[in-house]
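Accompanying notes for the structure given below.
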Amino acid sequence: MNAVWAKKNLTDSVFRMLCVCCAGFTGLLMLAFFVQLYVESYGAWEKFGINFIISSEWDPSRDVYGALPGIVGTLSTTAIALVIALPLSFAAAMYLSDAAPLPGAVLSHAVDLLAAIPSVIYGMWGLFLVTPVMQDYVQPFFSETLGLSQVPGLRLIFGPDYNGFGIFTAGVILALMIMPYICAVMRDVFRMTPPMLRESAYGIGCTRWETARDVVLRYGIRGILGGVFIGLGRALGETMAVLFVIGNVMEMPETSYSGATTIASAIANNFSEATGMQRSALFALGFILLAMSFGIQVLAQYYLHATGAKRGESR
Amino acid sequence: MQAKIEARDICFYYGDHQALFNNFLSVEKNKITAVIGPSGCGKSTHLRIYNRIFELYRNQRVTGKLLLDGVDILGPDTDILELRRRIGMIFQKPTPFPMSVFDNVAYPLRLHFKLSRSEIADRVEDALKSASIWDEVKDKLSSSGLALSGGQQQRLCIARAIAAEPEVILMDEPTSAIDPVATLKIEELMVELRKRFTVMIVTHNMQQAARISDYTAFFHKGEIVEYNDTKTIFTNPKCKKTEDYITGRFG
């Protein structure tokens with residue numbers, strides 16, 4: 001073995017080690033987060049146990065803490081965001097993947113730029129523009145004009161009392177924030193569908209919608225769900241924008257128009273002044289948030305894997 | 001006898017580039033018509049006008065008339081979804097949909113006909129039998145269409161096309177991505193299909209055209225140089241260009 005060869009070999013193994021270390025570091029980081037959050041929140045778990053998750057009381061004066069309002073707020077804002085963002089992103093991505101070159105390129109860049117807007121801007125914009133519009137037009141339209149606040153099942157969403165702040169508005173802002181992400185991923189997935197596959201759908205007499213729903217969507221479902229989970233993860237953890245519009249009330253919301261809180265905004269709002277048990281409780285909230293994001297990702301991967309054969313993935 | 005399809009003075013443009021020049025072609029019912037010619041001569045382009053699939057793309061346009069049973073299908077009044085049901089298409093590569101074998105064939109049935117569950121099951125079986133693939137897939141109807149071999153996938157696509165009860169089946173180099181044994185099966189199948197459908201096939205493989213087709217059209221640079229019954233084309237071509245091509249002097 002000559003010297004040049006030996007040197008190249010050495011470089012190669014150094015590079016390999018570097019890659020292994022970097023990859024290992026990300027795993028270690030994940031583990032460290034869990035451990036750290038658990039250690040810091042140990043006080044709360046020890047005192048309240050499982051009650052911490054199912055109790056809705058959050059009273060610093062009595063030093064009693066329960067995570068349920070935060071969990072409910074987080075999940076419901078995220079759910080509203082997804083319900084609004086998914087169909088919009090799908091439709092926009094369908095158009096972008098197939099649009100004429102000029103409007104296609106301009107709008108595509110616009111979508112990518114939207115994703116780069118800092119969340120605090122969304123929050124300010126939400127506070128000064130969206131909240132009043134919600135209070136004056138949108139919420140009365142649903143609750144009174146359509147009378148949905150009188151319909152038993154829908155009362156949970158469209159309540160009789162509103163002031164613009166609350167879960168619903170936060171969900172709308174979140175929807176606008178995650179739409180660019182989901183839309184960009186969907187657009188790229190649609191563009192990767194083999195032209196021949198699309199042609200064969202059109203070729204047996206599918207409309208555009210049928211082709212999109214039954215062939216393109218099924219073909220790209222793995223990539224699309226990947227995009228959805230990026231959006232979902234962002235919606236779960238979004239702090240700043242939500243903080244502006246949700247009302248920040250540590251209580252169980254009665255309707256989606258009620259002021260509420262999310263885990264992330266509760267932590268941001270209270271952490272700087274919290275000491276002792278409250279600090280520990282906030283760490284416990286953080287632990288729950290991390291576990292929720294993690295759990296959803298794992299479930300999603302499992303779901304994709306379990307249904308892969310049905311969709312026709314030979315893997 | 002009226003032709004099943006008749007192309008009259010078809011010209012085709014990709015933007016400013018003209019790809020087809022004044023094509024006249026009369027396709028007879030229940031026959032196999034082969035379209036041969038060197039690469040880029042406009043064979044596929046010509047075929048893709050018949051179900052108007054080219055309309056998916058910008059800047060592609062056609063002039064002339066294309067009569068299906070005597071009715072021009074290039075006009076604005078044509079129900080394009082019904083046209084594509086009547087004229088099925090098979091592509092260079094198998095294109096099974098990302099769903100089960102059964103659903104692949106049931107898909108056009110659910111799209112075009114209102115049928116009960118059992119009627120769908122019956123028709124799926126019929127179509128798979130007509131595409132001579134039933135025996136190979138009857139035990140794995142619920143597994144993915146993508147899990148089949150290439151040749152099986154292509155026959156599955158043929159079954160899917162048959163299920164829509166078309167009158168014409170267009171095949172655009174259907175065996176170009178498929179091994180010789182599977183190709184032979186598909187050729188046998190095509191001869192069988194002729195009894196029920198009018199078949200048009202674009203092929204690079206001249207032996208294939210000679211083996212299975214009744215009529216052959218020879219395309220060159222967007223023009224139909226010669227069109228005649230297959231035997232005449234391959235044994236006694238009228239044009240020098242045709243003779244040069246089939247004897248392998250160019251192309």
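Filter the stretch B:128-150 for residues that are within 10 Å of chain A (Cβ to nearest Cβ) and assigned to a helix (DSSP H, G or I); which is surrounded by the most Cβ atoms within 10 Å (Cβ to Cβ)? Steps first, answer last, please.
Filtering the stretch B:128-150 for residues within 10 Å of chain A (Cβ to nearest Cβ) gives B:142-148.
From what is left, the residues that are assigned to a helix (DSSP H, G or I) are B:145-147.
Details: B:Gly145: 26, B:Leu146: 20, B:Ala147: 16.
Looking at residues that are within 10 Å of chain A (Cβ to nearest Cβ) and assigned to a helix (DSSP H, G or I), I get B:Gly145.
State whether the residues of the stretch B:152-168 include one that is among the basic types (Lys, Arg), part of a helix (DSSP H, G or I), touching a residue at least 24 places away in the same chain (Cβ under 8 Å) and within 12 Å of chain A (Cβ to nearest Cβ). Show your work before the answer.
First, the residues of the stretch B:152-168 that are among the basic types (Lys, Arg): B:155, B:160.
Among the residues that remain, those that are also part of a helix (DSSP H, G or I) are: B:155, B:160.
Among the residues that remain, those that are also touching a residue at least 24 places away in the same chain (Cβ under 8 Å) are: B:155, B:160.
Cutting the leftovers down to within 12 Å of chain A (Cβ to nearest Cβ) gives us B:160.
Yes: one or more hits.
Looking at A:Tyr219, A:Tyr181, can you tell me which residue is hydroxyl-bearing (Ser, Thr, Tyr), touching a Leu at 6+ places or on another chain (Cβ under 7 Å) and in contact (Cβ under 8 Å) with a residue 12 or more places away in the chain?
Numbers: A:Tyr181 fails: touching a Leu at 6+ places or on another chain (Cβ under 7 Å).
A:Tyr219 is the lone residue from the list that is hydroxyl-bearing (Ser, Thr, Tyr), touching a Leu at 6+ places or on another chain (Cβ under 7 Å) and in contact (Cβ under 8 Å) with a residue 12 or more places away in the chain.
So which residues in the stretch A:201-223 are assigned to a helix (DSSP H, G or I) and open to solvent by 10 Å² or more (accessible area, probe 1.4 Å), if there are any at all? Walk me through it before giving the result.
Step one: filter the stretch A:201-223 for residues assigned to a helix (DSSP H, G or I), giving A:201-203, A:208-219, A:221-223.
The answer is A:Tyr202, A:Arg208, A:Trp209, A:Glu210, A:Arg213, A:Asp214, A:Leu217, A:Arg218, A:Tyr219, A:Ile221, A:Arg222, A:Gly223.
Quickly run through the stretch B:66-78 and pick out the residues that are out of contact with any helix residue (DSSP H, G or I) (no Cβ under 9 Å at 6 or more places or on another chain) and within 14 Å of chain A (Cβ to nearest Cβ).
Selection gives B:Thr78 alone.
If we keep just the residues of the stretch B:103-125 that are away from every other protein chain (no Cβ under 12 Å) and touching a residue at least 24 places away in the same chain (Cβ under 8 Å), which is farthest from B:Ile178 (Cα to Cα)? Steps first, answer last, please.
Start the filter on the stretch B:103-125 by keeping residues that are away from every other protein chain (no Cβ under 12 Å), which leaves B:114-125.
Filter again for touching a residue at least 24 places away in the same chain (Cβ under 8 Å), leaving B:123-124.
Numbers: B:Arg123: 27, B:Val124: 24 Å.
Going through the qualifying residues, I end up with B:Arg123.
Among what's in the stretch B:10-65 and is assigned to a loop (DSSP other than H, G, I, E, B) and farther than 22 Å from B:Pro174 by Cβ, pick the residue that is nearest to the other protein chains (Cβ to nearest Cβ).
Initially, the stretch B:10-65 is screened for residues assigned to a loop (DSSP other than H, G, I, E, B), giving B:15-16, B:28-31, B:37-42, B:51-52, B:57-59.
Within this subset, residues satisfying the condition of being farther than 22 Å from B:Pro174 by Cβ are B:15-16, B:58-59.
Details: B:Gly15: 13, B:Asp16: 16, B:Arg58: 7, B:Asn59: 10 Å.
Looking at the filtered set, the residue picked out is B:Arg58.
The values are calculated or read from the model by the stated rules, or taken from the named source; none is laboratory data. Source: prediction; values computed, not measured. All Cβ positions, even for glycine, are placed from backbone atoms using ideal geometry, and neighbour counts span all protein chains on display. Accessible surface areas use protein heavy atoms only, side chains included; no ligands, DNA or RNA. Shrake-Rupley method; radii C 1.70, N 1.55, O 1.52, S 1.80 Å.
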